[in-house]
Amino acid sequence: MIDQAYAQGVPMGGTLESQMTAPEFLIWAARDPQGVALNRLQIIKVTAEGERIYDVACSGGKAPDEISRRCVGDDTSVDLSSCEVKGGVPELKTVWRDPDWQKGQAASYYVRALEIPKCRWSTWDAIRNGTPPNPSMKAIIQDRAWSSPIWIE
């Protein structure tokens, strides 16, 4: 799969020449060995009109909703008394074709991988100290990673 993608595709940071059909992307992410599991993968499409976010792979084996193009029914949770996390998957991969592609439209596409929510450092400190979390800070965070864009001219 990877050999075929490199032989026939454009890597992150590259430019894909304008074409007659919608671009297709191979998207694959694995969790950080020291992090938590993955929640979902997104494509962010940027054009002169703005940006559009598409969920393209969801944890729990679910497919994104065909109308909203978002993952529904999140299977993740965080126990704020212990910071134990549940849900997510170690790896997400898919092949995605732009459903809103317009011939001749310049665009850039990048991938965003989202981990499942987890306790932020201040929540961990509060648990260790036996105090409630700081009410002026969110108790959980959701880390993300981005790819370099692929440009279409």
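The values are calculated or read from the model by the stated rules, or taken from the named source; none is laboratory data. Here the structure is a predicted model, which means the values were calculated and not measured. Cβ: placed from backbone, ideal geometry, glycine included. Neighbour counts: every protein chain shown. To get the accessible areas, we keep the full protein, side chains included, count just its heavy atoms, and leave off ligands, DNA and RNA. Shrake-Rupley method; radii C 1.70, N 1.55, O 1.52, S 1.80 Å.
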Would you point out which residue out of 115, 51, 66 is modelled with pLDDT under 95, under 19 Å from the mean Cα position of the chain (by Cα), of a type outside the set (Gly, Ala, Ser) and within 28 Å of residue 5 (Cβ to Cβ)?
-> 66
Take the stretch 117-153 and flag every residue that is farther than 30 Å from residue 10 by Cβ and among the aromatic types (Phe, Trp, Tyr).
-> 121, 124
Go through (1) at pLDDT 90 or above; (2) over 30 Å from residue 153 (Cα atoms) and name the single condition residue 73 misses.
-> (1)
Number of positions in the stretch 21-63 that are touching a residue at least 40 places away in the same chain (Cβ under 8 Å), farther than 21 Å from residue 151 by Cβ and assigned to a strand (DSSP E or B) | 4
Matching residues in the stretch 48-75 (of a type in the set (S, T, N, Q) and open to solvent by less than 30 Å² (accessible area, probe 1.4 Å)) number 1
Within the stretch 11-46, restricting to residues that are open to solvent by 20 Å² or more (accessible area, probe 1.4 Å) and β-branched (Val, Ile, Thr), the one that is farthest from residue 65 (Cα to Cα) is 15
